[in-house]
Amino acid sequence: MAADVHHITHPLVQHKLTLMRQKDRSTNSFRRLLHEIGMLMAYEVTREMPTSLIEIETPLEKMQAPVIDGKKTVFVVVMRAGDGLLDGMLDVVPGARVGHIGLYRDPKTLVAVEYYFKMPHSMEDRDAIVLDPMLATGNSAVAAVERLKETKPKSIRFVCLLAAPEGLKNFHAHHPDVPVYTAAIDRQLNDHGYIVPGLGDAGDRIFGTK
Ligand code: URA
């Protein structure tokens, strides 16, 4: 596995992912599990988050103690499935800012077309964590990160739930500098661009639109 792919093998994440893959799992349960996995993955993806020391007073004495500046983190949601990971992440980093990227693929040209893009100001001071549950072909992830890079964030990390080997290869061919955090690397893509064994259409399963 490439050095810049972090496979999150924690048993809690793996257990919840297995439940999410089950085809008869309800929308409510699927969404709740994704929320919980979002919290657990936030723990891994923020491991290198910088801290600074502040002076506090315990009941016994003064001390210098570490704190993080949550506002320096920006979660970048790739619409719409990325929304499913956001709330769990915000539970753990409540001070984070949130950006949104909306892209669709033109069916004729296959070029990614942007329909929404909104980031917080001063991105050059912020560490960006991109959220998109399914890294399938990787094309929309590549386009989203390309667009995000125009805002010059201090760092970029990419978080997904499932990745296909083809998507990882494509993504890192374009963005070798962006580490990917994933709960699983599945076997392959099928002819329709779905990850197999996968979990189906993440957006439809989160929002109950099918
Ligand atoms: N998007 C999804 O939601 N599921 C896949 O398997 C691939 C892309």
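Can you give me the % of accessible surface on the chain that is carbon or sulfur? Probe 1.4 Å, all protein chains present, nothing else counted.
Details: 6010 of 11190 Å².
The computed percentage sits at 54.
Filter K152/K210; K118/K169; K23/K72; K71/K108; K71/K210 down to the pairs with a C-alpha to C-alpha distance above 32 Å, please.
Working: K152/K210 37 Å; K118/K169 28 Å; K23/K72 38 Å; K71/K108 40 Å; K71/K210 36 Å.
Over 32 Å apart, Cα to Cα: K152/K210; K23/K72; K71/K108; K71/K210.
Roughly what % antiparallel, to the nearest 5, for the DSSP beta bridges in the stretch 40-176?
45
Output ³J(HN,Hα) for the stretch 20-35: one whole-Hz value per residue in order, computed from phi by the Karplus curve 6.51 cos²θ - 1.76 cosθ + 1.60 with θ = phi - 60°, and x for Gly and Pro.
So the J values, rounded to whole Hz, are 5, 5, 4, 5, 8, 5, 6, 4, 4, 5, 4, 5, 5, 5, 5, 4.
Rank by packing, highest mean first: peptides 180-187, 138-145, with packing defined as the count of other Cβ atoms within 10 Å averaged across residues.
138-145, 180-187
Tell me, what is the FRET efficiency for T18 and T51 to the nearest 0.05, using R0 = 30 angstrom and their Cβ-Cβ distance as r?
0.30
For the stretch 96-201, what is the accessible area per residue in Å², given a 1.4 Å probe and the full set of protein chains?
47
Projected onto the charge dipole of the chain (+1 at Lys/Arg Cβ, -1 at Asp/Glu Cβ, origin at the Cα centre), which of M49, M89, S122 gives the Cα projection farthest towards the positive end?
In the chain, that residue is M89.
Rounded to whole Å and sorted largest first, what semi-axes of the equivalent ellipsoid does the C-alpha gyration tensor of the stretch 94-210 yield via the square root of 5 times each eigenvalue?
Three semi-axes, in Å: 24, 16, 15.
For the stretch 1-112, what is the percent of antiparallel DSSP beta bridges, rounded to the nearest 5?
60
Assuming R0 = 45 Å, what is the FRET efficiency of K169 and E61, from their Cβ-Cβ distance, to the nearest 0.05?
Efficiency at R0 = 45 Å is approximately 0.25.
Can you tell me the length gained on complete extension of the stretch E44 to E114, counting 0.36 nm per residue apart and subtracting the Cα distance? Intermediate values should be presented prior to the final figure.
Working: separation 70, 0.36 × 70 = 25.20 nm, distance 2.97 nm.
Extra length from E44 to E114 when fully extended: 22.2 nm.
Can you report the principal axis dimensions of the stretch 95-136 using only the alpha carbons, biggest first, rounded to whole angstrom?
Over the stretch 95-136, Cα extents along the principal axes are 40, 21, 14 Å.
Could you tell me the accessible area of Y194 in Å² (1.4 Å probe, neighbours in place), rounded to the nearest ten?
Counting only protein heavy atoms, Y194 exposes about 90 Å² to solvent.
Using every pair of alpha-carbon atoms in the chain, split the distances into 10 Å bins beginning at 0 and state the percent of pairs per bin, rounded to integers.
Here the calculated profile for the chain is 8, 34, 36, 15, 5, 2, 0.
Just grab the label-to-label distance for H10 and D191, each label 7 Å out from Cα along the Cβ direction, in nm (one decimal).
That separation, rounded to one decimal, is 4.0 nm.
The values are calculated or read from the model by the stated rules, or taken from the named source; none is laboratory data. On a predicted model such as this, the values are computed, not experimentally measured, just so you know. Glycine also receives a Cβ, built like all others from the backbone with ideal geometry; neighbour counts cover every protein chain displayed. Just so you know, the surface numbers come from the protein's heavy atoms only, side chains and all, with ligands and any DNA or RNA stripped out. Shrake-Rupley method; radii C 1.70, N 1.55, O 1.52, S 1.80 Å.
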